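For reference, the structure discussed in these notes is given below.
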Amino acid sequence: MEIKNLGTFQNKKLKNIPLLENKTISARIPAMQIQYFGQLGFLLRGGGTTVALALPPEKIDSAEIVITSTEDEKIKTASGQVVFDWPGEYEAKGVGVALIPVGNENPSRIAKIIIDDISIVHLDGVREALTEKEEEKIGNVDILLVSIGANAALDEKQIKNTIEALEPKILIPMNFAAGEEAAFAKNLGLGEVEEEVDLKLKASSLPADRMELHILRPRK
């Protein structure tokens, strides 16, 4: 899928930059790590920094970059933390971040993070099917974080259509109840998938000709 540039949005604190190309950002650590904390929350470690993605306030202390959830836009952060909570394209500490507005009847936003040459898209708060134009704005997706099951705003068909349109190399479900991840894997025709504690990978290890499903065990 061709990468498209986003429009720019003004932000008083941070400089807007184009970032939706997977350019070399940093190779200071051997592998990028993804940790899942349940519901919509993740912690990303890579490029010599840590990114809190839709984590509750009590779990963001160790993060240098904080990307707020659509549902919890105003949180108290520590001194020195960089916070992204408004649509736009940014760079901080060697990490590229784009917050992409989506939705017409139910406006929301999608976070796209580029860290260690890996693009991660977090479908936080998406309440209606993406349009073709919105899919083009998102562009290349290496890893897709998507809500599934009863807690997802999208139905099973919409989720499947979104996955097929964005064509991620790796799919990580989130916001699911026990047992729903197994049903999800079966519906995708992937059979039984073992649960993992964390996911560690490099850009060079991303699958080239298939999609992989990874189920991460929620941390406490």
Under 16 Å from the Cα of K200 - aspartates and glutamates, other chains or at least 8 residues apart: D116, D117, D142, E212
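First measure r as the distance between the Cβ atoms of E105 and K133, then evaluate 1/(1 + (r/R0)^6) with R0 = 22 Å and state the FRET efficiency to the nearest 0.05. Intermediate values should be presented prior to the final figure.
Numbers: r = 16 Å, r/R0 = 0.71.
Result of the calculation: an efficiency of 0.90.
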Residue-by-residue Karplus 3J(HN,Hα) for the stretch 92-107, coefficients 6.51, -1.76, 1.60, Hz, glycine and proline x: 8, 6, x, 10, x, 9, 10, 9, 9, x, 9, x, 10, 6, 10, x
15 Å cut-off, amide nitrogen to a point 7 angstrom out along E156 Cα→Cβ, residues in the stretch 181-204: 181-191
Fully extended contour minus Cα-Cα distance, from E180 to K200, at 0.36 nm per residue: 4.8 nm
Binned Cα-Cα distance frequencies in the stretch 32-216 - 10 Å width, integer %: 9, 40, 39, 12, 0
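Among R219, R109, R210, which comes first, second and so on when ranked by fewest other beta-carbon atoms within 10 Å?
Starting with the residue having the fewest Cβ neighbours, the order is R210, R219, R109.
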For V102, residues with placed amide H under 5 Å, excluding near neighbours: S108, R109, I110
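Given the pairs K169/K202; K93/K220; K112/K169; K133/K160; K112/K133, which are separated by over 22 angstrom at their Cα positions? Before the final figure, lay out each step's value.
Working: K169/K202 13 Å; K93/K220 27 Å; K112/K169 15 Å; K133/K160 18 Å; K112/K133 16 Å.
With Cα atoms farther than 22 Å apart: K93/K220.
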³J(HN,Hα), Karplus 6.51/-1.76/1.60, whole Hz, each residue of the stretch 42-53, x for Gly, Pro: 9, 10, 10, 10, x, x, x, 9, 10, 10, 8, 10
Residue-by-residue Karplus 3J(HN,Hα) for the stretch 180-190, coefficients 6.51, -1.76, 1.60, Hz, glycine and proline x: 5, 5, 5, 5, 5, 4, 5, 5, 7, x, 9
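Readers should treat all values here as calculations from the given coordinates under stated rules, not as data from a laboratory. Remember, predicted model here, so these are calculated numbers, not experimental data. Glycine gets a Cβ as well: all are built from the backbone with ideal geometry, and neighbour counts include every protein chain shown.
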